[in-house]
Amino acid sequence: MTTASYRNFTSTLAANYQRFFVPAVAAPASVGLMRAAELQPGERVLDVACGTGLVARLAAEQVGPAGSVTGVDIASDMIEVAKAVPAAAGPPVEWLVGDATALDLADGAFDVVLCQLGLMFMADRPVALGEMRRVLVDGGRLVVTTAGRIQGPFSAMEQALVDHIGPELGGFVSSVFSMHDPAAVAALLGQAGFDAVSATETVTPLRLPPPAELLWEYLDVTPIAPMVAAASGDARAALERQVVEGCQPFVVDGATLVDQPLVVASGVRRDG
């Protein structure tokens, strides 16, 4: 697996993430997360691995002015873009740069912790989950989503990266879908001390750009973008050809359609 990390995400990549990934993937994926969270007015919410802040802003709308929302991400450039996005209704979001495995937040400071499509990138998931539990009140709840089973267009992308750029870069795509088993995700939450754990698989329809555009838009929101850019022109052209060919069964009216499974898992902190 590549050692590429979101820790050093650049401002350009963060801007690309907000422009492409948020509307194409994060927004549709957030529907299941927010439904499971069942946020109530006045609750205090923490969004871990908040990226450019989509989920935090949605949470602010739901908890209203009596609530509070904090978004934390390991990439400072993600946080800078989050701060620049127009504020949502509800309380102002507090934006923090921080590592999920060492949250600089008080014990029991939140009623709800959310984490959308971030847990699979954390080097020490048990420690990160332990931190999420620590900052919850007794009776507070955690809701996380992870990518489900890899689908055809992403498999095509993974194989083309291996074939034309380098096997370690294909490993990054694999890592995105590494937490696809609901039972395994539930087990992690249970081992971290959460009670009333549940994990289910839902399917989120994604309408993505045509294959060639999808390839470069997707790569341009990942930490491996500079490594792909450094490859030869011939290698990048071959990469594109293979991805376009592999995506053809999923192309309808020019768009790439993907029914992407997502794992939605939740648990409760109970001290008694």
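Data table
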item: Some residue of the stretch 41-54 being under 22 Å from THR202 (Cβ atoms), surrounded by 15 or more Cβ atoms within 10 Å (Cβ to Cβ), touching a helix residue (DSSP H, G or I) at 6+ places or on another chain (Cβ under 6 Å) and hydroxyl-bearing (Ser, Thr, Tyr); result: no
item: Leading residue by the ranking (nearest to VAL112 (Cα to Cα)) among those in the stretch 17-40 that are among the polar types (S, T, N, Q) and open to solvent by 30 Å² or more (accessible area, probe 1.4 Å); result: GLN40
item: Residue count, the stretch 132-154 (criterion: open to solvent by 30 Å² or more (accessible area, probe 1.4 Å) and within 18 Å of the chain's Cα centre (by Cα)); result: 3
item: Cβ-Cβ under 6 Å pairs, at least 6 apart or on other chains, the stretch 71-94 side among the basic types (Lys, Arg), far side open to solvent by 40 Å² or more (accessible area, probe 1.4 Å) and at pLDDT 95 or above; result: LYS83/TRP95
item: Evaluation of ALA160 against (1) open to solvent by less than 50 Å² (accessible area, probe 1.4 Å); (2) small (Gly, Ala, Ser); (3) within 15 Å of the chain's Cα centre (by Cα) (one fails), failing number; result: (3)
item: Residues satisfying the stated conditions in the stretch 61-87, i.e. of a type in the set (A, V, I, L, M, F, W, C) and under 20 Å from the mean Cα position of the chain (by Cα); result: VAL69, VAL72, ILE74, ALA75, MET78, ILE79, VAL81, ALA82, ALA84, VAL85
item: Where GLY170 falls short, out of the listed (1) without any contact (Cβ under 8 Å) to a residue 40 or more places away in the chain; (2) open to solvent by 30 Å² or more (accessible area, probe 1.4 Å); result: (2)
item: Breaking point among (1) outside any helix (DSSP H, G or I); (2) without any contact (Cβ under 8 Å) to a residue 60 or more places away in the chain, for ALA231; result: (2)
item: Condition met for ASP111 (in contact (Cβ under 8 Å) with a residue 12 or more places away in the chain and either touching a Leu at 6+ places or on another chain (Cβ under 8 Å) or crowded, with 24+ Cβ neighbours inside 10 Å (or both)); result: yes
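Residues checked against (1) open to solvent by 30 Å² or more (accessible area, probe 1.4 Å); (2) touching a helix residue (DSSP H, G or I) at 6+ places or on another chain (Cβ under 6 Å); (3) over 23 Å from THR52 (Cα atoms):
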{"position": "VAL221", "(1), (2), (3)": "no, yes, no"}
{"position": "ALA231", "(1), (2), (3)": "no, no, yes"}
{"position": "GLN242", "(1), (2), (3)": "yes, yes, yes"}
{"position": "GLN248", "(1), (2), (3)": "yes, no, yes"}
{"position": "ARG269", "(1), (2), (3)": "yes, yes, yes"}
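The values are calculated or read from the model by the stated rules, or taken from the named source; none is laboratory data. What you see is a predicted model; the values in this text were computed from it and never measured. For neighbour counting, all protein chains shown are included, and Cβ atoms are generated from backbone atoms with ideal geometry for every residue, glycine included. Note: areas computed on protein heavy atoms with side chains; ligands, DNA, RNA excluded. Shrake-Rupley method; radii C 1.70, N 1.55, O 1.52, S 1.80 Å.
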